[in-house]
1. Has the range 49-68 got at least one residue that is open to solvent by less than 30 Å² (accessible area, probe 1.4 Å), within 14 Å of HIS116 (Cα to Cα) and outside any helix (DSSP H, G or I)?
2. Is it fair to say VAL148 is touching a strand residue (DSSP E or B) at 6+ places or on another chain (Cβ under 8 Å), farther than 18 Å from VAL239 by Cβ and among the aliphatic types (A, V, I, L, M)?
3. With a cut-off of at least 1 residues that are aliphatic (A, V, I, L, M) and open to solvent by 30 Å² or more (accessible area, probe 1.4 Å), name the helices (runs of 4 or more DSSP H) lying wholly within the range 94-196.
4. Return the only residue of ALA223, ALA187, ALA198, ALA180 being in contact with a Ser or Thr (Cβ under 7 Å, 6 or more places away or on another chain) and either hydrophobic (A, V, I, L, M, F, W, C) or under 19 Å from ALA247 (Cα atoms) (or both).
5. Could you please find all residues in the range 203-213 being modelled with pLDDT under 95 and either open to solvent by less than 10 Å² (accessible area, probe 1.4 Å) or more than 21 Å from the chain's Cα centre (by Cα) (or both)?
6. Of all residues in the range 69-79, which are assigned to a loop (DSSP other than H, G, I, E, B) and not hydrophobic (A, V, I, L, M, F, W, C)?
7. Suppose the filter is at pLDDT below 85 and of a type in the set (A, V, I, L, M, F, W, C); does VAL94 pass it?
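The values are calculated or read from the model by the stated rules, or taken from the named source; none is laboratory data. Quick caveat, the model's predicted, so the values are computed rather than measured. So basically every Cβ, Gly included, is an ideal-geometry build from the backbone, and we count neighbours across all protein chains shown. Quick note on the areas: whole protein, heavy atoms, side chains included, nothing else; ligands and nucleic acids left out. Shrake-Rupley method; radii C 1.70, N 1.55, O 1.52, S 1.80 Å.
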Amino acid sequence: MRETLAALEAGEIGVEEAESRLAGYATTDAGRFDAARERRRGIPEAILAEGKTPAEVAALATTALDTTGRALVTRADEATAAAVASAVGDGEDVADDADSGATVDRDDRTGTVVAHAAGFEPPSLDAAVAVVAAGTADAPVAGEAAVVAREVGATVDRVDDVGVANLDRILDQADRIREADVVVVAAGREGALPTVVAGLVDAPVIAVPVSTGYGVGGEGVAALEGALQSCSVLTTVNVDAGFVAGAQAGLIARAVDAARGE
C-alpha cells in the first residue's frame with residue numbers, strides 16, 4: 001500500500017492504477033474492471049462487447065490499458081472495434097486524450113480487439129497450443145481461442161478446415177498437431193472432430209462446440225452432446241466459448257512452462 005501511495009504521490013502512476021492496485025479493480029461509469037485478474041488467475045481480464053455500447057466498451061478498454069497495459073475485447077462488432085481503436089490511439093479519428101503510443105490488433109472475423117500500451121511486455125511461455133477448426137465457418141470461434149491463448153503467452157499454431165468429412169485432411173496434419181502441449185478443437189454440425197483428434201494425440205484436448213450447421217443441431221446442441229459423449233478423453237466447454245477454451249489452454253500452457261523451468 002505504501003509503495004502504491006508513494007508512486008501515486010510521485011506521479012509515477014495515475015489514480016485509476018492506484019485504485020486497481022489497492023482494491024483489485026477499477027471503477028468506471030461503464031462498470032468495474034478486474035485489473036487484478038491476471039495476477040490472481042494467470043489470465044488477462046477480457047471485456048465482452050456484447051450487451052454494451054461502443055462507448056462503454058471503449059471506456060473499459062481505456063481503463064484496462066491504464067491499469068494493466070493491455071486491453072482484450074471479445075465479440076466486438078465493427079462500430080465497437082472502431083470506438084476502441086479511436087479511444088486507445090489507433091483509429092482514423094483518434095480521440096484527443098488517447099494513448100498515441102498504444103498498438104491495436106483488430107480482427108473483425110473473430111470479433112477481437114487487442115491493445116498494448118507503449119512499453120508493454122507480453123508474457124512468453126515455453127509451451128505451444130494448437131487451435132484446430134473443423135471448417136471455415138468454425139474459424140471465428142477458433143480464432144477467439146487463439147487470441148486468448150496467445151495473450152496468456154503461449155505459442156499458437158492454427159490448423160484450419162480439417163473436418164471429418166474427409167479424414168485425410170486431419171491425418172495430414174496429425175504430426176503437426178502432436179507437437180503441441182495442448183490442443184483446442186472447434187467444430188460445429190455433429191462435432192466429431194474433437195473426438196477424432198483426441199484419439200490421435202497425447203496432449204490434453206479441449207473441445208469447443210460451435211453453433212454452425214443445419215436443422216436441429218444448428219445451435220451447437222449436437223456438437224455439444226457429441227463432445228460430452230466422446231469415447232476419447234477430452235474436456236468440453238460451452239457452445240461458441242472460444243474465450244473459455246483459449247483461457248483453459250493458456251492455463252495448461254502456464255503449467256507446462258512452469259514444469260519445464262524447474
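1. no
2. Values: touching a strand residue (DSSP E or B) at 6+ places or on another chain (Cβ under 8 Å): yes; farther than 18 Å from VAL239 by Cβ: no; among the aliphatic types (A, V, I, L, M): yes.
No, not satisfied.
3. Values: elements: 139-152, 167-172, 174-178.
Here the list reads 167-172.
4. Details: ALA223 fails: in contact with a Ser or Thr (Cβ under 7 Å, 6 or more places away or on another chain); ALA187 fails: in contact with a Ser or Thr (Cβ under 7 Å, 6 or more places away or on another chain); ALA180 fails: in contact with a Ser or Thr (Cβ under 7 Å, 6 or more places away or on another chain).
When all the criteria are applied, what remains is ALA198.
5. GLY213
6. Scanning the range 69-79 gives GLY69, ARG75, ASP77.
7. Working: at pLDDT below 85: yes; of a type in the set (A, V, I, L, M, F, W, C): yes.
For VAL94, the condition - at pLDDT below 85 and of a type in the set (A, V, I, L, M, F, W, C) - is met.
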